[in-house]
Amino acid sequence: MSAATPSAQLTAFAPRIRIRRGFSVGFMVVALLAITVSMLMLGALIVEIAVDGAARLFTDGSPTSQEVRGRISIDLPTPDGMSWLAWGLPAAVLLPFFGLRVVRSVLSDHFARSRWIERAIGFLTTLPVAIFVHILYVRFESAYYIEYAKAIGVDDASGNIFQLFGEASGFQFVRLITAGVILPLGLLAAGWFWSHRLRRPSLLLPGVAVVAWIVYLFLDPLFLSSYPSRVPAQAGLFSAITGTLYMMVITAAVAFPLGVGAAIYLEEYARRNWFSRMIQVNISNLAGVPSIIYGLLGLQVFVRVLEFERSVLAGACTMALLVMPIIVVSAQEALRTVPPSMREAAYAVGATRWQVIRFHVLPYAFGGMLTGNILAMSRAIGETAPLIAIGALTFIAFLADSPTDDFTVMPIQIFNWVQKPQSGFHEIAASGIIVLMLVLLVMNATAIIMRQRTRTDW
Amino acid sequence: MAAQAPRMDGPERDTVRSLLAELWRDRLQPSRPGSGRETPVGRLVHGVLFVTATLSAFVTIGIVLVLIFETVEFFRQVPLIDFFGSTKWSALFAEKQFGVWALVWGTGMIALIGLAVAIPLGLMAAVFLSEYAPPRVRAVVKPMLEVLAGVPTVVFGYFALLSISPVIRDIFGQDVGIYNALSAGIVVGLMIVPIIASLSEDAMRAVPRSLREGAYALGSTRMEVSLRVVLPAAFSGVVASIILAFSRAVGETMAVTIAGGGNPQFGVGPLEAVQTMTAMIVQLSLGDTPTTSIEFKVLFAVAMTLFVLTLGMNIVAQWVSQRFREEYE
């Protein structure tokens with residue numbers, strides 16, 4: 001370049017600034033090494049568990065696994081002609097939409113798109129997720145109903161969903177409907193609003209759903225749908241998975257309103273006085289209390305004083321108290337990102353305080369709050385100690401029908417298996433860990449994506 | 001020429017001002033509960049939200065009351081000197097001894113091994129992330145540390161028992177037990193690396209750029225800047241992160257229960273089985289302990305000790321980070 005450009009003139013005069021290297025490079029290598037070591041440890045952990053766990057988790061068609069399958073009383077239906085037709089066909093029709101989605105996301109800037117097309121595509125991409133949930137539940141439920149059918153004297157129960165509908169009665173019928181119909185429909189409704197809520201529609205969730213579906217087809221259904229057993233090859237995670245699901249739903253229902261309410265109060269209502277400072281300090285201290293102490297609190301308050309017994313409800317309430325500080329802090333951070341000018345503008349046109357919060361602050365902070373909630377739930381899924389303290393059992397050979405039933409959760413089941421001396425149990429513990437980590441991975445990925453997608457730069 | 005807005009001055013201006021101030025004070029100002037524009041629904045919401053906020057205080061009160069209640073019951077039957085003055089623990093034997101030091105020994109050893117693993121790894125990671133890493137690397141490594149922090153502790157327990165312990169036995173000979181404090185300590189260390197790394201990194205990034213630039217201008221290398229300028233400047237935050245990590249290691253439960261073994265003894269070495277306070281609580285909870293028995297009550301006495309220890313460390317961490325913070329402008 002010619003020396004006439006201003007920048008060239010400047011560099012000609014300025015001394016060349018360089019940071020001396022010295023030991024710097026070596027130090028950086030050491031630091032990188034430290035990180036690599038910790039990451040390798042994490043990797044080793046994953047590989048170790050994957051190798052141990054794969055044996056039980058996936059059907060390999062070996063004689064033993066066939067034999068075991070024959071011996072087990074619950075003979076789960078593998079997808080037969082009818083169910084392939086029912087679910088395979090829509091999937092075959094829907095998969096091209098993913099292709100379309102890829103193309104669209106690449107070209108999205110060039111599309112002048114209508115909001116309804118946007119929503120329709122969001123709807124369709126969530127459909128496989130809904131189907132996945134449906135199959136998962138119906139297959140879980142069918143194991144339950146075959147047993148139920150046997151108990152009432154119907155011997156030829158095959159787990160066919162239509163037969164089950166015919167035989168189910170009362171509460172069971174409601175449960176079947178909830179599991180098989182309402183939940184997937186709820187997911188669809190969520191998908192309906194998914195794409196227009198996000199500024200950049202995400203491929204990742206539908207992608208995860210498809211992968212999960214494929215993995216599911218190869219999974220050994222016996223592991224996910226068997227009750228615990230004294231024989232490792234027959235033991236399964238069924239009651240633990242359903243127990244976790246029940247507990248998580250109640251935990252979220254209790255903790256989310258309480259945590260978000262406290263955050264809204266502290267950020268939007270509270271004056272800066274000793275009271276709000278005390279609450280704030282208190283919340284940060286609560287976050288540092290060891291989880292087992294929450295377990296003892298739950299044991300005394302929920303199990304003994306309120307007489308919930310050792311039930312799902314007691315476990316969920318304990319867990320809700322445990323994760324509440326996390327939800328409060330993350331919701332507060334979400335509320336702080338909404339700039340004051342938003343509030344002032346709303347006040348200036350005469351909105352009341354609740355109107356400002358409801359219509360102007362919450363909609364913008366909601367994504368962040370939900371993210372914090374998902375992270376809190378993923379913490380709760382992995383927690384074991386408080387549930388052991390309140391006395392959740394490890395050997396549950398039935399399903400929790402109501403919130404007052406005994407229950408177990410995945411980490412407790414894993415803990416139970418790890419502690420047994422036989423190596424067969426160690427293998428299924430690893431299988432259980434894979435399932436648990438997959439669930440956590442999906443939850444954390446969802447949280448991270450939501451955090452990125454719903455963030456608004458002011 | 002554009003028409004100018006009429007200028008107000010004198011008494012007229014003051015009147016408008018006071019009117020506006022009055023309007024703001026009585027009708028609009030959002031930060032004064034009860035005096036702003038609020039509908040009955042708004043007031044109801046305000047009340048409900050207030051209750052949810054105070055709930056956290058009740059949780060703390062609940063914890064303290066529950067712990068104190070049973071602890072007092074315990075000390076009615078067992079004198080203080082037997083609890084704090086003895087190093088023998090045998091709660092499940094016929095001849096019961098409740099020397100809490102046996103449990104504190106196990107807890108302390110595992111937490112210290114954990115710190116010995118976590119401080120170098122965590123600080124290195126923090127220095128690297130804040131001083132060396134390009135933004136793209138940082139954007140990848142930091143979420144990975146978060147993932148490490150999110151792994152359930154049961155998983156770490158499995159890892160310690162079935163992966164680390166065999167390696168330790170290969171190194172130190174097969175007479176080392178499968179349950180030992182070292183393997184539990186190492187995984188506890190891995191567990192608290194993310195705490196040290198992310199909190200220290202936050203503290204280091206808060207050090208103003210001008211300090212670094214000043215040091216570079218004097219000809220320092222990047223390592224000198226990292227270790228002699230940034231690290232001392234962020235020292236309070238780093239120390240606070242280490243104390244917090246220590247408190248987390250003390251309160252950690254499942255991994256030490258699985259891998260530590262159940263051997264509450266004072267003075268055993270790192271290659272032997274130990275039992276921590278938390279592991280003891282789990283052990284007693286797993287058995288069906290009658291709620292009137294002394295074993296049930298000692299559970300709360302130990303939990304009280306644990307609670308006071310961790311709470312004390314958390315408060316010290318907060319105090320350190322505030323008291324010794326280097327203030328820049």
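Would you pull out the residues with amide H under 5 Å of A:Thr352's amide H, same chain only if 5 or more places away, H placed 1.01 Å from N?
Amide H neighbours of A:Thr352: none.
How big is the A-B contact in terms of buried accessible area, both chains counted, 1.4 Å probe, rounded to the nearest 100 Å²?
Approximately 7200 Å², summed over both chains.
Label-point separation (nm) for B:Ser90 and A:Ala345, each offset 7 Å from Cα along Cα-to-Cβ?
If labels sit at B:Ser90 and A:Ala345, their model points lie 7.5 nm apart.
Kirkwood Rh over alpha-carbon pairs of segment B:89-323, then Stokes-Einstein at 20 °C and 1.002 mPa s: what D in µm² s⁻¹, rounded to an integer?
D, rounded to a whole number, is 111 µm²/s.
At a Förster radius of 22 Å, what calculated FRET efficiency corresponds to the Cβ-Cβ distance of B:Asp288 and A:Gln422, to the nearest 0.05?
Once rounded, the FRET efficiency stands at 0.40.
Checking a compactness column here: for segment B:178-254, what do you get for Rg(Cα) / (2.2 N^0.38 Å), N being the number of residues? Intermediate results must be reported in sequence, preceding the final value.
Working: Rg = 16.4 Å, N = 77, 2.2 N^0.38 = 11.5 Å.
In units of the 2.2 N^0.38 Å rule of thumb, it is 1.43.
Over 30 Å apart: what share of the alpha carbon pairs of segment A:238-453 falls there, rounded to a whole percent?
32 percent
For chain B, modelled as a GNM with alpha-carbon contacts under 10 angstrom, which of B:Ala111, B:Ala217, B:Ala181 fluctuates the most?
Maximum among the listed residues: B:Ala217.
Heavy-atom accessible surface, probe 1.4 Å, ligands and DNA/RNA ignored: which residues of segment A:271-294 lose at least 50 Å² versus the isolated chain?
A:Arg271, A:Asn282, A:Asn285, A:Leu286, A:Pro290, A:Ile292, A:Ile293
What does the accessible area per residue of segment B:89-323 come to in Å², with a 1.4 Å probe and no ligands, DNA or RNA counted?
Accessible surface, normalised per residue, equals 38 Å².
Averaged across B:120-131, how many Cβ atoms of other chains sit within 10 Å of each residue's Cβ atom?
Taking the mean over all residues of the peptide, I get 4.
Ordered by residue, what ³J(HN,Hα) values in Hz, to whole numbers, does segment B:78-89 give under the Karplus form 6.51 cos²θ - 1.76 cosθ + 1.60, where θ = phi - 60° and Gly and Pro are x?
3J(HN,Hα) across segment B:78-89, in whole Hz: 10, x, 3, 5, 6, 7, 9, x, 10, 10, 10, 10.
Quick check: at a probe of 1.4 Å, how many percent of the accessible area of chain B sits on carbon and sulfur atoms?
Carbon plus sulfur share of accessible area: 64 percent.
Please average, across the residues of B:212-218, the number of beta carbons from any other chain that are within 10 Å of each residue's own beta carbon, and give a whole number.
For peptide B:212-218, the averaged partner shielding equals 1.
Calculate what fraction, in whole %, of the accessible area of segment A:238-453 sits on carbon and sulfur atoms when a 1.4 Å probe is rolled over the protein chains.
The nonpolar share, carbon plus sulfur, comes to 64 percent.
5 Å is the cut-off here: which amide hydrogens, built 1.01 Å from N in the peptide plane, fall below it relative to B:Gln97, excluding neighbours closer than 5 in sequence?
Correct list: B:Ser90, B:Ala91.
Report the gain in length on full extension from B:Val308 to B:Val137: 0.36 nm times residue separation, minus Cα-Cα distance, nm rounded to one decimal. Please list the in-between numbers first.
Values: separation 171, 0.36 × 171 = 61.56 nm, distance 3.99 nm.
My answer for the length gained is 57.6 nm.
Can you work out the accessible area per residue across segment A:287-410, with the rest of the protein chains kept in place, probe 1.4 Å, in square angstrom? Write down the numbers at each step before the final one.
Values: 4150 Å² over 124 residues.
Heavy-atom SASA per residue in segment A:287-410 reads 34 Å².
Starting from the 7 Å offset along Cα-to-Cβ, what nm value, one decimal, do you get for the label separation of B:Glu12 and A:Glu333?
5.4 nm
Taking a quarter of the surface of the convex hull around the Cα atoms of segment B:100-162, what do you get in nm²? Could the numbers behind the result be given before it?
On the way: hull surface 22.7 nm².
Averaged projected hull area, Cα only: 5.7 nm².
Can you tell me the FRET efficiency between B:Phe172 and A:Ser276 if r is taken as the Cβ-Cβ distance and R0 is 51 Å, rounded to the nearest 0.05? Numbers along the way, then the final one.
Numbers: r = 54 Å, r/R0 = 1.06.
Calculated value: 0.40.
Scan around B:Gln265 for amide H atoms under 5 Å from its own, H built in the peptide plane at 1.01 Å from N, and keep only partners 5 or more places away or cross-chain.
B:Gln275
Heavy-atom accessible surface, probe 1.4 Å, ligands and DNA/RNA ignored: which residues of segment A:324-359 lose at least 50 Å² versus the isolated chain?
Buried by the other chains: A:Tyr347, A:Thr352, A:Arg353, A:Trp354.
R0 = 22 Å: FRET efficiency of B:Phe324 with B:Ala217, Cβ-based, nearest 0.05? All intermediate terms of the calculation are to be shown ahead of the outcome.
Numbers: r = 27 Å, r/R0 = 1.22.
FRET efficiency, B:Phe324 to B:Ala217: 0.25.
When the helix-only estimate is applied to chain B (DSSP H runs of n ≥ 4, each -39,500 (n - 2.57), divided by the residue count), what is the mean residue ellipticity at 222 nm, nearest 500 deg cm²/dmol? If you can, show how the numbers build up before the last one.
On the way: 13 runs with 212 residues, N = 329.
Calculated mean residue ellipticity at 222 nm is -21500 deg cm²/dmol.
The values are calculated or read from the model by the stated rules, or taken from the named source; none is laboratory data. For clarity, every value in this text was computed on a predicted model and none was experimentally measured. So basically every Cβ, Gly included, is an ideal-geometry build from the backbone, and we count neighbours across all protein chains shown. Only protein heavy atoms, including side chains, enter the accessible area calculation; ligands, DNA and RNA are left aside. Shrake-Rupley method; radii C 1.70, N 1.55, O 1.52, S 1.80 Å.
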